[in-house]
1. What's the extension gain from residue 86 to residue 39 if we count 0.36 nm per residue and subtract their Cα-Cα distance?
2. For residue 23 and residue 76, FRET efficiency with R0 = 35 Å and r from the beta-carbon atoms, rounded to 0.05?
3. Which shape class applies to region 14-91: rounded if a/c is under 1.5, otherwise prolate when a/b exceeds b/c and oblate if not, where a ≥ b ≥ c are the square roots of the Cα gyration tensor eigenvalues?
4. Taking the Cα-to-Cβ direction at residue 47 and at residue 60 and moving 7 Å from each Cα, how far apart do the two end points lie in nm?
Amino acid sequence: MINMAKKTVSKDQKKKEVSSSKDEQVGFHKGSLSTLSKERAELGRILQIIEQLMQMHVAALNELGVDLTKEVEQMKTETKMQNKKKPIEDVL
């Protein structure tokens, strides 16, 4: 007959386990927020670079005599035509 001793765990030990688990979770979430914050800042920097490049191309097209306002109006009308598609409920 094998007699296994019951492991007795005091209330203090249980609280320590819960608090360390809570501390781990807090650390995990803080680390995640830090990483995501840095990623968001990098994304903003990339968007600024893209905006600058687009402005450079717009300026170059203006110098070449291309009227972008006509093209923008044409794109708006094309977009309106495409937006008149059936609602997703009808498609399903």
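No value in this document is a laboratory result; all are computed from the given coordinates. Predicted, not measured: the structure shown is a model, and the values here were computed from it. Cβ coordinates were reconstructed from backbone atoms using ideal geometry, including for glycine residues, and neighbour counts include every protein chain displayed.
1. 13.2 nm
2. For residue 76 and residue 23, the calculated efficiency is 0.05.
3. On the way: a/c = 11.05, a/b = 1.97, b/c = 5.62.
Judged from the Cα gyration tensor, region 14-91 comes out oblate (a/c at least 1.5, b/c at or above a/b).
4. Distance between label points: 2.5 nm.
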